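Taking it in order: structure first as structure tokens, then the write-up.
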Amino acid sequence: MPETVIPVAAIDATLATFSSLDESGDKGAMNAMARRLGKEQPALLRYAAEIRAKHGDAFGEAAVFYATLVWAMFDQAYSKRLTRLTAENLAEAEKIVTEECGAVEGFADKPVHERFSPGLAERQPHLVAKLRELLEEDVRENAISAEGAAIIMPPTQVIAESFDAALAGKRVGHPLGPYVREEPKVGRNDPCSCGSGKKYKRCHGAQSA
């Protein structure tokens with residue numbers, strides 16, 4: 001098995017952690033995870049949050065959740081090897097996922113949980129298998145609509161492809177040292193960059209406080 005393939009054990013451990021946090025309602029641990037994600041992977045968070053701006057809060061929250069889940073799986077398996085994703089990596093990953101999905105005959109007619117890039121499924125078989133399982137369960141149990149699932153899964157796959165490429169050295173990211181801002185610092189009363197419409201101090205500023 002290639003060194004970049006997330007093993008089943010890491011995926012199971014990640015889901016066990018998420019389930020434990022959900023059952024315990026440990027907001028402190030949840031906020032700590034959100035702060036870490038915001039500091040280590042700002043481009044990932046911005047990319048997932050674009051769904052909120054385009055499709056509303058409910059779909060935006062689902063997109064951020066699945067993005068966080070993918071990050072946590074990679075982090076569980078390869079924490080010291082992960083790099084900070086870049087906007088360039090994500091843009092290239094989007095092209096790859098779009099092209100690979102578009103090459104599948106009858107792709108749009110498949111059940112939503114089967115609409116995965118065949119290339120990504122080959123590169124990350126265990127991750128894709130688990131995402132298929134979770135997505136099918138969420139739609140079946142009405143946790144999310146099929147329409148919503150179809151909206152959030154493309155960016156989820158793009159993020160997975162970006163991490164896979166970074167690990168393989170195909171599209172490198174930035175080392176996870178102190179984050180150097182590419183944009184001016186957001187003021188506490190400015191709109192949050194995630195697209196929620198809230199002031200920064202009431203959104204991601206509150207999480208990082």
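Computed over the chain, the range of Cα coordinates on each principal axis works out to 48, 38, 33 Å, biggest value leading.
Ranking Asn89, His174, Ser117 by Cα position along the charge dipole of the chain, where only Lys, Arg, Asp and Glu carry charges on their C-beta atoms, puts His174 farthest toward the positive end.
Which is the longest run of the chain containing none of the GluC sites (Glu not before Pro) found in DSSP loop states (not H, G, I, E, B) with at most 14 other C-beta atoms within 10 Å?
Numbers: sites that count: Glu3, Glu105, Glu141, Glu182.
Of all site-free stretches, the longest is 4-104.
Solvent exposure of the chain amounts to 53 Å² per residue of accessible area, where only protein heavy atoms count and the probe is 1.4 Å. With a cut-off of 9 Å between beta carbons, the residues surrounding Glu114 carry a summed charge of +2, where Lys and Arg count +1 and Asp and Glu -1. Cα-Cα over 20 Å: which of Lys130/Lys170; Lys27/Lys54; Lys80/Lys170? Over 20 Å Cα-Cα: Lys130/Lys170; Lys27/Lys54.
Multiplying the residue separation of Glu99 and Glu61 by 0.36 nm and subtracting their alpha-carbon distance yields 11.1 nm.
A 1.4 Å probe, protein heavy atoms only, puts the accessible area of Asp138 near 40 Å².
The values are calculated or read from the model by the stated rules, or taken from the named source; none is laboratory data. Computed from a predicted model, the values in this text were never measured in an experiment. Cβ sites come from the backbone with ideal geometry, for glycine too, and all protein chains shown count toward neighbours. Note: areas computed on protein heavy atoms with side chains; ligands, DNA, RNA excluded. Shrake-Rupley method; radii C 1.70, N 1.55, O 1.52, S 1.80 Å.
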